[in-house]
1. Is the C-alpha gyration tensor of the range 554-685 telling us rounded, prolate or oblate? Criteria: a/c under 1.5 is rounded; beyond that, a/b larger than b/c is prolate, otherwise oblate.
2. Hey, what's the range 452-605 come to in accessible area per residue, 1.4 Å probe, Å²?
3. Quick one: if the Förster radius is 25 Å, what FRET efficiency do E194 and K232 give, using the C-beta to C-beta distance and rounding to 0.05?
4. Using the structure shown, list the pairs from K721/K783; K539/K703; K598/K718; K99/K438; K338/K366 with a Cα-Cα distance above 30 Å, or answer none.
5. Run the quick spin-label model on K14 and N579: label points 7 Å from Cα toward the beta carbon, then report their separation in nm to one decimal.
6. Provide the convex hull volume over Cα atoms per residue for the range 239-360, in Å³.
7. Roughly speaking, to the nearest percent, how much of the chain's 1.4 Å accessible area is carbon and sulfur?
8. Taking the 0 to 90 degree range and rounding to the nearest ten, how far is the long axis of helix 762-772 tilted relative to the main principal axis of the chain, both from C-alpha atoms?
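The values are calculated or read from the model by the stated rules, or taken from the named source; none is laboratory data. The shown structure was predicted, so the numbers you read here are calculated from the model rather than taken from an experiment. Methodologically, a virtual Cβ is constructed for each residue, glycine included, from the backbone with ideal geometry; neighbour enumeration extends over all protein chains shown. Ligands, DNA and RNA are stripped out before the accessible areas are found, and what is left, the full protein with its side chains, is counted by its heavy atoms. Shrake-Rupley method; radii C 1.70, N 1.55, O 1.52, S 1.80 Å.
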Amino acid sequence: MDIRKAFLDYFESKGHKVYPSAPLVPDDPTLLFTNAGMVPFKSIFTGEVPAPNPPRATSSQTCIRAGGKHNDLENVGYTNRHHTFFEMLGNFSFGDYFKEDAIAYAWEFVTKVLALPQEKLWVTVHESDDEAEEIWKKHVPAERIMRFGDKDNFWQMGDTGPCGPCSEIFYDQGEEHFHSEEDRMGGEGDRFLEIWNLVFMQYERDSEGNLHPLPKPSIDTGMGLERVTAIKEGKISNYDTSLFMPLIEQVSELCGKLYLYEEGASYRVIADHIRAVTFLLAQGVNFDKEGRGYVLRRILRRAVRHGYLLGIKEPFMYRLVDTLGEIMGEQYPYIVEKADSVKEQIRLEEERFFKTIASGLELFEKELAVTGDVFSGEVAFKLYDTYGFPLDLTQDMLREKGKEVDIEGFETLMKAQRERAKAAWKGSGDAAVEGDFKALLEQFGQNSFVGYSETETESKVLALLDQNFKSVEKLQRGEEGWVFLDKTPFYAESGGQCGDRGVLEGVAEVLDTKKFFDLNLSQIKVTTKVHVGDSVKAKVDESRFEIAKHHSATHLLHAALKEILGDHVSQAGSLVEANRLRFDFSHPKALSGEEVAKIEDFVNEVIARGVPVQTDVMAVDEAKAKGAMALFGEKYGDEVRVVSMGDVSMELCGGTHVANSANIGAFFITKESGVSAGVRRIEAVVGRAAVTLAKSYRATVAKVSEEVKNKDPMLGIKRLKEEIATLKNELKTLAQSSKKELSFEKIGDTEVAVDIVEAGDIKQMIDEIKNQKPSAAVMLFQKKGDKVLLAAGVKDAPVKAGAWIKEIAPILGGGGGGRDDFAQAGGKDASRLDEALKAAKSYVTAQLQG
């Protein structure tokens, strides 16, 4: 049975609009990931935007719970039902139907569509919810309805805002499988499995904690697809179902060991984690040192370590991607389309971790041998900082030993590092925006964007907002705020393209343009005054044409990358501005100089050919059927704009473009770099920015010619290099002739020299001494202005050069280190050179005589 399809079909038949699963990275700066089915509808529930038409929805939403407040990571693999990635089936009413229909729908779906035996179903309601209990009695015997308090049966979005009682449906998995005291309704055991939560959003909680009835109560429900699948397939564990077993069986093949449930936590961890990793990568999240990318890295590394426990000592996770595609690719085709890119990114990240995992485990075991109940926070931090072991991975390993880590010690070191790096992640980096958007949508709806065909137009000011997005009647000279025009030529930032600037002629300067809940708003600084209802002439800045050139160039660049590097290339992000473009793409390694040149030539050739740029509006399915490239996470309506450049490029795109490729002018790549494992970045310029760059190159060449005193700068540089080589040889000869003869003191079998050298390469001198002497310990100092260089070398002697340097360098206000046979350092205080000399002699003497 296709439970997902059955659920969506059922609610569609009840007048619900079916919504596709929203991205795992939500359009919500307060959340790390989409962690529940209601997240895409949050702004509707909170009243920020009006309810859609129809005011009822249904979806099967992919969710991640592996970071932030909702974090199930440590339980995954060890319980029957915890997952980092899961699907939540849900139906939602936005002020439409309420408890009566929500309960009836749920009961009908569970008993008629899923055909679950009624005698195995139990229901809970909030202790105060008489209404829900009476409705449930129409469907369920009273003895199978139970009341619980706020902890179990009351839901709220935050400390304030929409909230309400909830009702949960439980499935009795049978007493034959469960025998503990907790295996009862309301207990912590697994016998009674919660499968569906119906939230009755009927109150608003104020800042004082008081509840006020909402004028239009709503419904938010969530049912775990994995749990229902287990019930329908007659399994006690979600992991024993068809959603996971093909992955577990492949892990068994990879490690060559039979999977047994009781000993199989590592298999389950891997099967769960490959789902989260694949979906996040396919949706454009990359491995990183912080934020969402770091959570992604933690999930992968936890899985790799569990593979290591199973005896898999080489990259293997990437091999599971195709199997996952066979399980889930029909519903989510992008994980199949992006499979090659995803596999390459996983493989590279695995290789990176495998280089350190053995050393890290060795350190872990060494510390474990001297650990009581609490593992050193300092060692846990070293495992994290040096060997790439996330803290929860260390905790996971300790859990198996019945021990815990010194969290306080770890956090102290972690905090110090964050302060040094200033890299603490705060939300998504975007400010949460609240304002009078709902009122604008209800009064006016979305405004009209005419900027594809016009760059100036007569418009009417429908509304003005202050800097806090609150409606005002007017803005005075010098004030900043936001203007909402009935029709606007200003493009709002989206799809990587920056927002338009410009003017409201004689009235205000337009600083930027953005979208808020699909409202196109322009940020303005008033030069005279402006009132609601005014007629204004809106005019886009000439920088728009330069932006369009850079946007069209990104399409050509994308085509060039696919042509020259291969079809595995897919876009991973972009930025389009008036003076530059940035394009991130999937590729396993740095580009060679030859590849960069070919890409640049490809784009410039299309520009030179003067290819017409055509824009067509068509149905989204028709566009994809024609082969137009679509980007995951972009919001496409029923109709889309398709931008084509001859037979070179065809993409779904809502941005602004040139009319002909020749308008782009010229294309120069300014930088190629890495973003994360398997993701590269190209930065480039076109149009006026390219002319400016070319002029700067010409000016630089002219300056070099002037400096080397030759019209041909390469000949001038060649002559200078020859002169430098000659001077180096002369200096070398001079240094050899004036080389200081060092005096040695023999201590035991070792010849010792500690001295100050005025000139020459002290490292080279030490190497020569080590080559000449059977046993030597040498430390040389050399003044460089008010600073000091020092180096130590040891051969066949009971002294460690690194330790010697660390002992002496601080005297000179410096630091350094190195190997046991050679080390060097720098000091800032040459005035203490004599003191350092004496200390160096005393140290080496004590070491050799000890």
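1. Working: a/c = 1.80, a/b = 1.30, b/c = 1.39.
Verdict is oblate for the range 554-685.
2. For the range 452-605, the per-residue accessible area is 42 Å².
3. Working: r = 16 Å, r/R0 = 0.64.
My answer for the efficiency is 0.95.
4. Those over the limit are K539/K703; K338/K366.
5. 5.7
6. Output value, Cα hull per residue: 97 Å³.
7. Details: 19070 of 40490 Å².
So the carbon and sulfur contribution to the accessible surface is 47 percent.
8. With both axes taken from Cα atoms, the answer is about 60 degrees.
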